[in-house]
Each structure stands twice: as C-alpha cells, then as structure tokens.
Amino acid sequence: MTFADRYGPWGLVAGASDGVGAAFAEALAERGVNVALLARRQALLDEVAAGIGARSGVQTRAIAVDLAAPSAAATIAAATAELEIGFLVYCAGADPNFEHFLVNPIETAEAMVQRNCTVPMQLCHHYTQEMVARGRGGVVLLGSAAGFAGAPNMVAYAATKSFGMVFAEALWTELHDKGVDVLGLILGKTDTPTLRRLEHARGRLPALDTPPADADAVSDVISEAFDNLSNGPTWVVGEKLREAVSMMGSLPRNDLVRFMAQASADAMAGNGS
C-alpha cells in the first residue's frame with residue numbers, strides 16, 4: 001500500500017500558509033496526497049497552494065478561516081464536505097507574543113484556547129469518524145516542550161499545549177488499533193517565520209533572513225514526523241530536546257516549574273534557548 005493509499009486521497013493542514021504547516025502540506029503532496037490548506041490569509045494561502053500544485057501535480061484547495069473563531073470547525077467541515085480526508089495535520093497555534101498573562105486582555109488567552117484546544121478537538125472528532133470507518137488514516141497534532149510544565153510569558157500557551165499533548169495520547173489509545181495513526185509531535189525551538197519575527201523583535205537576530213543558530217530546521221521536523229507516524233502516541237523532535245525531556249522527567253513537579261522559569265528568564269535575557 002502506498003502512502004497515498006494509506007493516508008489519502010486528501011490531507012487537511014491547518015496553519016499551512018508558512019513554516020511547519022506549509023512544509024507538511026508540501027511533504028504530503030510529494031507523497032501523492034491532495035492537500036486542503038487552512039490559514040487566515042487567503043492571498044498567501046492561494047500562493048502556497050498554487051506552488052504546491054505546480055510542483056507536485058496534486059489537487060489543492062485553499063480555505064481561508066480564522067481558527068480562533070467559534071465557527072471555525074463548522075466552516076472547515078462545510079468547505080471539505082465532498083472531500084475524503086485521510087490525513088489531518090494541525091500546525092496552528094504558535095504564540096507570537098511571549099508576554100506575561102496580565103499584559104493582554106483575557107480575550108487573547110481565550111482565543112488561544114479556542115485555536116489550540118477546541119478547534120483541533122472538533123476537527124479530530126469530525127474527520128476521524130470516517131477514518132475509523134475506512135480502517136485507515138492519520139492525525140498529527142503539533143505540540144511544544146512548553147506543555148511539559150508552567151513557565152512565565154506563556155501561561156495560556158503552555159496550558160493549551162499540555163492539553164494537546166494529553167489529547168493526542170488519549171486519542172491514540174482509542175484509534176491506533178482501528179487503523180488510524182495518531183501522533184503528538186512535540187517541537188522545541190524551531191526555525192519558523194514566527195520565531196524569527198519574535199527573536200528579531202527581542203534583538204536576538206540581526207535580520208529576519210538569519211536563521212536562529214539554536215533552532216531546529218523545519219526540514220528536520222518534517223523528516224522526523226513522517227519517519228515516526230506509527231510510533232505514537234508522542235514523538236519528541238530533536239536529540240537535544242529528547243535529552244532535555246528525559247532530564248525533566250526525573251525532576252519533581254515544583255523543581256521542574258522552577259527550571260522552566262529560569263529557562264524562560266534566560267531566553268528573555270539572551271542567555272539560552
């Protein structure tokens with residue numbers, strides 16, 4: 001069975017306008033899977049979709065949607081109603097702010113919970129029902145090392161990533177023996193446009209076209225994801241992060257939070273990642 005037979009004929013990628021999401025869409029297309037791309041900016045999404053279609057020859061569909069909107073999941077379901085979605089990737093949900101919880105209005109945190117928790121849960125519930133009925137399919141939910149413990153400047157973000165990690169693990173326990181692969185993909189610092197903008201604003205990058213020296217390449221993230229689709233429920237990307245997660249697992253919770261708080265302070269000061 002080919003990859004497209006196992007996970008096609010259509011893949012759905014949320015957060016597909018740039019970074020890891022766009023790379024996931026490209027990788028699916030390279031494997032013969034048609035791709036429906038989700039993001040807020042229609043013009044940019046159209047450009048990405050057109051490029052993928054031209055390079056791979058697969059069909060594409062660009063669906064502009066605000067994933068923080070209460071109606072997002074219903075909008076996506078309606079826009080893909082006639083497509084057979086065999087692979088779901090949820091890459092949206094990065095935090096562009098890295099600020100204290102009280103700096104922003106509560107609506108900022110509420111939107112993040114909607115985008116990072118409610119919508120992926122709704123999409124999984126909608127699309128995996130048909131995957132289970134067909135006995136094949138795959139789901140990749142992107143997580144973050146921030147979800148392992150609380151830390152300053154990412155109070156709501158870390159909490160949503162903790163939810164996503166446990167959700168992926170629990171979903172795996174229910175679906176992996178029904179032919180549906182579920183993978184919670186845990187990323188550390190990754191060289192994305194969002195990270196570059198944040199690092200540049202903090203004075204840690206001289207220019208936006210300069211890759212952060214201590215960040216994983218998007219290509220490495222994609223390679224590890226596709227190499228480990230059946231190695232769920234959780235896969236931590238990068239040897240350095242896997243070593244850190246192993247170390248964190250040996251710490252009492254209170255010590256782990258203090259460790260994460262210090263790491264956040266170092267990041268703000270430019271002393272580490």
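A few remarks follow.
One line per residue, one yes/no per condition, for (1) modelled with pLDDT under 95; (2) surrounded by 13 or more Cβ atoms within 10 Å (Cβ to Cβ); (3) of a type in the set (D, E, K, R):
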{"position": "209", "(1), (2), (3)": "yes, no, yes"}
{"position": "212", "(1), (2), (3)": "yes, yes, no"}
{"position": "229", "(1), (2), (3)": "no, yes, no"}
{"position": "236", "(1), (2), (3)": "no, yes, no"}
{"position": "258", "(1), (2), (3)": "yes, yes, yes"}
{"position": "267", "(1), (2), (3)": "yes, yes, no"}
{"position": "270", "(1), (2), (3)": "yes, no, no"}
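- Within the range 78-125, considering residues that are closer than 22 Å to residue 138 by Cα and acidic (Asp, Glu), the one surrounded by the fewest Cβ atoms within 10 Å (Cβ to Cβ): 82
- Taken over the range 212-260, the residue count meeting the criterion of being without any contact (Cβ under 8 Å) to a residue 12 or more places away in the chain, over 22 Å from residue 21 (Cα atoms) and among the aliphatic types (A, V, I, L, M) is 2.
- Residue match in the range 65-73 (condition: assigned to a helix (DSSP H, G or I), crowded, with 16+ Cβ neighbours inside 10 Å and in contact (Cβ under 8 Å) with a residue 12 or more places away in the chain): yes
- Exclusive hit being of a type outside the set (Lys, Arg), within 21 Å of residue 15 (Cα to Cα) and part of a helix (DSSP H, G or I), set 111, 170, 94: 111
- Residue 90 passes every criterion in (1) modelled with pLDDT under 95; (2) under 15 Å from the mean Cα position of the chain (by Cα) apart from (1).
- If you go through the range 1-30 and pick out every residue that is assigned to a loop (DSSP other than H, G, I, E, B), of a type in the set (D, E, K, R) and without any contact (Cβ under 8 Å) to a residue 60 or more places away in the chain, you end up with 0.
- Within the range 106-130, residues that are touching a residue at least 40 places away in the same chain (Cβ under 8 Å) sit with their Cβ atoms under 7 Å from residues that are among the aliphatic types (A, V, I, L, M) and surrounded by fewer than 18 Cβ atoms within 10 Å (Cβ to Cβ), at 6+ positions apart or across chains, in these pairs: 126/77.
The values are calculated or read from the model by the stated rules, or taken from the named source; none is laboratory data. Quick caveat: nothing in here was measured; it's all calculated off a predicted structure. Methodologically, a virtual Cβ is constructed for each residue, glycine included, from the backbone with ideal geometry; neighbour enumeration extends over all protein chains shown.
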